[in-house]
Every structure is written in structure tokens, then in C-alpha cells.
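The values are calculated or read from the model by the stated rules, or taken from the named source; none is laboratory data. In this text, all values refer to a predicted model and were calculated from it rather than measured experimentally. Cβ: placed from backbone, ideal geometry, glycine included. Neighbour counts: every protein chain shown.
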Amino acid sequence: MKRILTLFMALPLFLAAVPVFAQGGKAVSGSGPRADGYYKDIFMDGGCSLNSYPDLPAADWLGLSLEQLSTAERLLMTSVDTLMQNYLLVGNPLDENGALLYPDGAPRFRVVYVNGGKALGHTKSLTAEGRERFRTYLKNGGSYLGTCAGAFMVAQGAVRDTGYVPRPEYLCTWPGWVVGTGLETSATGMTVEPGSPLLKYYDFGGDMQIDSVRHNGGCYAYMDENVPAGTEVLLRYIGDTLKLKKSIHQKVSAWAWKESEQTGRIVAIGSHPERMVEGDRLELMAAMIRYAIDGNGLPRLKGVLANGVAREMIRTTGDNDPDFTRIGDRQYHHFAVDVPRGVKEIEVELKAPDKLTGRYDLWLFADGQDFAFRDRARYKNVNHGTDKKFTIPVSKPGRYYISVFCATAPDTVDTFYGVQYTGRTDVLNGVPYIIKVSW
């Protein structure tokens, strides 16, 4: 009751002051890959009807940055929890498309991890608009990891004795079906499927088995028919000693699926390895995180720049024109230019519209071989402010790559609700700019 009263009392100030209320876990200093082109590595969804935790041990072990959504315990859930959840995930005036997406719909985190709990309760609480945020996130290259309820949520529905039971309220991002195990408050062993991509990261003690993975009302992937092409089997249950009405022995406990090179990868498991802090079970959660990250969609071009034609990147989320939409915090926008024969050099110019020059830090990169990320771009300008210009010598005709990176991002502060964004929250709705190449 104290938690509920506190939520109601704090809500008006919260809504007026900050755009989000995600909790944050700090990455281990000096370890783990940088989430280049993403705001952070992992967003952990502990929203309505889901379990909420203060951290994710495997993410800490890997040195990955983490933010999370937390709500009250399921029995104490109120309308305030739903309001606060959807203020973050669906959107609000200071962050029109929610924390998962950049203004142009690109993924803002490398992975969304969805906790266990009640799948149907959570997806219903998200509303149709919130579910569409998740689908857009995956379609545009963000990856997804779900345990238990998070595994149910990606399916089209469940298979029961009576047949297929569609769940249009689920995310429906994997075109397959799941079956409830009927196993509550227990644990199972798992065998690692021969050739499982998780073996790229760890050998799990070399015996191809993982013991005592917590299980509570989870699921397995239905593989008897209608199996989506490209579905990968990662693990299978060891259940030959369980006295269940229907055996789950050797049923697919964990699986993955990626629709195309441009979309993110879905990784799902019907059990609960997320709280593990040692041994094979910690490695299991870490391997699934790493496989999800490695499944991020390929970078995409905003467009091909024409000689002397200024491209105005000034649209907002509501304009529904992503190729001309503003850039978000720690995001890249990638462009190309096709240089004809006879050109000796090209000039690249970046500037802000009107009086925004000194308000944001936009960095400019270029490369003659591939997408111009800061660690490998041949040409770069990381001076403060927006307006920048440099000249690129042209050794041969062909395609050159140019990118804009937004180095301005909000600050965070720890509160009762976790980390809240402060400071430069204006960047959440995007920074407008103009880019031009000429020769």
C-alpha cells in the first residue's frame, strides 16, 4: 500500500519533470563492447505483469550498459503502473516514440530483454500502440531476448489439446507457436543442440548439458508442424524423470529466429536463467545476450546525396518520413555519394538550421570503403557544435560513405523509480540538421 500511495503522490511531479523512469545498471568500466550507434546496450522490460529486478547479472558480467523499466508487484499493480509504463514505452511529449526507438523508428537499444511473468497481461497493458513499438523496433534492426513470459509473447499463440489458440494481443513477432509445459516452480536440465550458435561463445563445461535451470510455467517451441523457416534450435529440455501429463523431454526449450539481414534477431527460452550468477547457467544467459546482439540488423543508408543538393533532415516522428527525420542521442545517420570520373575532391558540409548551431554536438565522418563509423572512418570532425566542413581527396571514382553522429545525450539521475533522464532531454525528439556534398 505504501508503494501505491507513493506512486500516486509522485506522479504529477514525475510527468512534469522527466520523460522516462528507466532504472540503470552501470557497465563494468573498461570492458564490453561499446554500443556504437545505439543509446545503450540493453533495455530490460520489467513492466506490468512482469517480474522486476534491479539488475541483470549476465549484463554486468559482460560489461554491457543497461536500463530497465520497473513496476509494482503483480498483486499490487495499479493503473498508475500502466500509465508510467506506457509514458516510457509508447511515448510522451518529450519523447514522442518512446524509449525503445529513435525519432526515425530505428532501435535505440541493441537488445530488449523481456522478463518472466504473465505474457498476456503485459502485452494487453502495452496497448496496440505499445505492441507496435516493439514490432517496429525489431523490424528496424533491434534484437529481442525473452525468458518465460518473454518467450510466450513473441509467438502467434499457443497449441493446446483443442488445437491452435491465436493470441493477437501478443507481439506476434515470430511466426511460430508455443506450448505450455505445465511445469510449475521447478527446474530442468537442458541439452545444447549440436551445432547450436550458442557454442560460439561458451562450451558449457564441454558436456553439452546445463543443469538445474529454473522453470515456472514456461513454454517450448512447437516443432511438429508450421515451423517458421529459419528457426534455430538452441537447447532442449531434459525431462525424462518428470512426471507430467505430457512429456517435455527433448522439446525445444530455447530457439532463435531472424527474418532478414535488416531485422533484429529474436532469442527466446521457456525457462529462467536471468538471475544466475555463476557457472553454466550464467554463461547460458550471457550467450543468449551475445547472440541477440550479434543479430542486430545491418546499418542502412538514409539516401544517396547529389552534388550540390542540400538534404534537410528536419522532419519529426509524427511526419512519418524516416529518411528525412532528425537524429537521436548517440545515433548515426548514414549517407552515400557516388563520385564520377574526373573529380579530384569533394567537400562535405554539415550545418544546423536557423540558430541551433551551438546547442548540439554533431560529429561528421566519411570513408571511401564502408559505412563511416567513428572507429574506422578515414575522415572525421568531432569539434563541438553542429556546423562542420571538410574536404575529401578522391583517388578513384565510386561510392563514398558519409555519416552524422549525435554526441549529445541526456544525463541520468537515480530516483525511487530508478534512473530518470535530465538535462538535454530535448534531444529525445531529435536534432535537425542539413548536409550537403559538392564538387
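Applying the selection to region 297-341, what residues are part of a loop (DSSP other than H, G, I, E, B) and surrounded by 20 or more Cβ atoms within 10 Å (Cβ to Cβ)?
Residues of region 297-341 part of a loop (DSSP other than H, G, I, E, B): 297-300, 305-306, 308-310, 314, 316, 320-321, 326, 328-331, 340-341.
Across region 297-341, the qualifying residues are G297, L305, R326, G328, D329, R330, Q331.
Is one or more of the residues making up region 362-377 among the hydrophobic types (A, V, I, L, M, F, W, C), in a loop (DSSP other than H, G, I, E, B), modelled with pLDDT of 95 or more and out of contact with any strand residue (DSSP E or B) (no Cβ under 6 Å at 6 or more places or on another chain)?
Within region 362-377 (the criterion being among the hydrophobic types (A, V, I, L, M, F, W, C), in a loop (DSSP other than H, G, I, E, B), modelled with pLDDT of 95 or more and out of contact with any strand residue (DSSP E or B) (no Cβ under 6 Å at 6 or more places or on another chain)), the answer is yes, since at least one residue qualifies.
Exactly one of (1) within 16 Å of the chain's Cα centre (by Cα); (2) without any contact (Cβ under 8 Å) to a residue 60 or more places away in the chain is unmet by A106. Its number?
For A106, the failing item is (2).
Would you be able to tell me the number of residues in region 54-89 that are among the aromatic types (F, W, Y) and modelled with pLDDT under 95?
So the count comes out to 1.
Please tell me if Y53 is closer than 19 Å to A286 by Cβ and surrounded by fewer than 24 Cβ atoms within 10 Å (Cβ to Cβ).
It is true that Y53 is closer than 19 Å to A286 by Cβ and surrounded by fewer than 24 Cβ atoms within 10 Å (Cβ to Cβ).
Which one of these is closer than 15 Å to G295 by Cα, of a type in the set (G, A, S) and touching a residue at least 24 places away in the same chain (Cβ under 8 Å): G264, G218?
G264
Taking the condition out of contact with any helix residue (DSSP H, G or I) (no Cβ under 6 Å at 6 or more places or on another chain), in a loop (DSSP other than H, G, I, E, B) and either crowded, with 17+ Cβ neighbours inside 10 Å or not assigned by TED's automatic domain parsing to the domain that holds Y53 (or both), does A409 pass?
yes
Please specify each residue of region 177-195 satisfying the condition of being touching a strand residue (DSSP E or B) at 6+ places or on another chain (Cβ under 6 Å) and surrounded by fewer than 22 Cβ atoms within 10 Å (Cβ to Cβ).
The answer is V179, G180, L183, S186, A187, G189, T191, E193.
Filter region 256-290 down to the residues that are surrounded by fewer than 24 Cβ atoms within 10 Å (Cβ to Cβ), not in a loop (DSSP other than H, G, I, E, B) and not aliphatic (A, V, I, L, M) and list them by number.
W257, K258, H272, G279, D280, E283, R290
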